[in-house]
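Undergrad: Here you go, one structure.
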Amino acid sequence: MKARKVLKWANRIVTNVLVILLIGVAALVLSTKLTGGEPEVFGYQLKTVLSGSMEPDIQTGSIIAVRSIAEEEKSSFVKGDVITFMEEDNKLVTHRIAEVTETGNGVLYTTKGDNNNAVDRNPVLADNVVAAYDGFTIPYIGYIGSFAQSPNGSIVFMIIPGILMLGYSGFTIWRALRQIEEKENVADAK
């Protein structure tokens, strides 16, 4: 009897976790489609850190949350703020502001990775700033995200869970049919 209760609770927990994961993934996909690109949760985008330029605070392979900024915020950053900006080759970089310079054409930020010896070669135009980093990071999860985007990762993170969900559904149906059959056998025995 206790084993049956434990199985019942385990079944409920697994079912609820799967439903929550399904709703979460659906929400991220919908958010991605509505914003036209990067998934955004509560105004934050998750980015994978590919280099060690900001170590030790932001480690290679981490996931960071960057806050999307409005157009009027782009020129309001100060020395010490960490920003995410678009480089000339459409690559996103997250570095700390080392110096702010106001010119006739607008604000320029001189940036530097915390782990780099020198400032970045090219100053960043305020118009190229896309987000601000507020300090939220999850170490090493970026490696999983990068793997998930590879062909082998697709198999591990999409096909295998799909097969497991089908198997779990089949097991649940089989168990329900067995319980109905047992009740019929008990009713026939009376």
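Any read-out appearing in this document is the output of simple, stated calculations on the displayed coordinates, not a laboratory observation. No experiment lies behind these values; they were computed from the predicted model shown. Positions of Cβ are generated from backbone atoms using ideal geometry, with glycine treated the same way; all protein chains shown enter the neighbour counts.
Undergrad: So, counting K/R as plus one and D/E as minus one, what does the shell of residues with Cβ under 15 Å around L50 add up to?
TA: -1
Undergrad: Moving on to the next point. Counting Lys +1, Arg +1, Asp -1, Glu -1, what net charge surrounds S62 among other residues with beta carbon under 10 Å of its beta carbon?
TA: -1
Undergrad: Please give the contour-minus-distance gain from E71 to Y140: 0.36 nm per residue of separation, less the Cα-Cα distance, rounded to one decimal in nm.
TA: 21.7 nm
Undergrad: Moving on to the next point. Using the basic label-point model (7 angstrom from Cα toward the beta carbon), what is the S51 to S169 distance in nanometres?
TA: 4.6 nm
Undergrad: Could you list the GluC sites (Glu not before Pro) in segment 70-143 that lie in coil according to DSSP, counting only those with at most 11 other Cβ atoms within 10 Å of their Cβ?
TA: E88
Undergrad: Using Cβ contacts closer than 10 Å as the measure, can you line up T48, T111 from fewest to most?
TA: Final ranking by Cβ density, sparse to dense: T48, T111.
Undergrad: Another question, if that's okay. Tell me the relative contact order for the chain as a rounded percent, counting alpha carbon contacts under 8 Å between residues six or more apart.
TA: Relative contact order here is 18 percent.
Undergrad: Using a cut-off of under 17 Å, list every residue of segment 58-94 whose amide N is near the label point 7 Å from the Cα of V156 along the Cα-to-beta-carbon line.
TA: 61-63
Undergrad: Same structure, new question: Just rank M54, M86, fewest to most, by other beta-carbon atoms within 10 angstrom.
TA: Starting with the residue having the fewest Cβ neighbours, the order is M86, M54.
Undergrad: Give me the one-decimal nm value for the distance between modelled label points at F42 and N122, 7 Å along each residue's Cα-to-Cβ direction.
TA: Each label point lies 7 Å from its Cα, and together they span 3.5 nm.
Undergrad: So, one more: As a test of the definition: which semi-axes, in Å, follow for the chain when you take the square root of five times each eigenvalue of its alpha carbon gyration tensor? Largest first, please.
TA: 52, 16, 14
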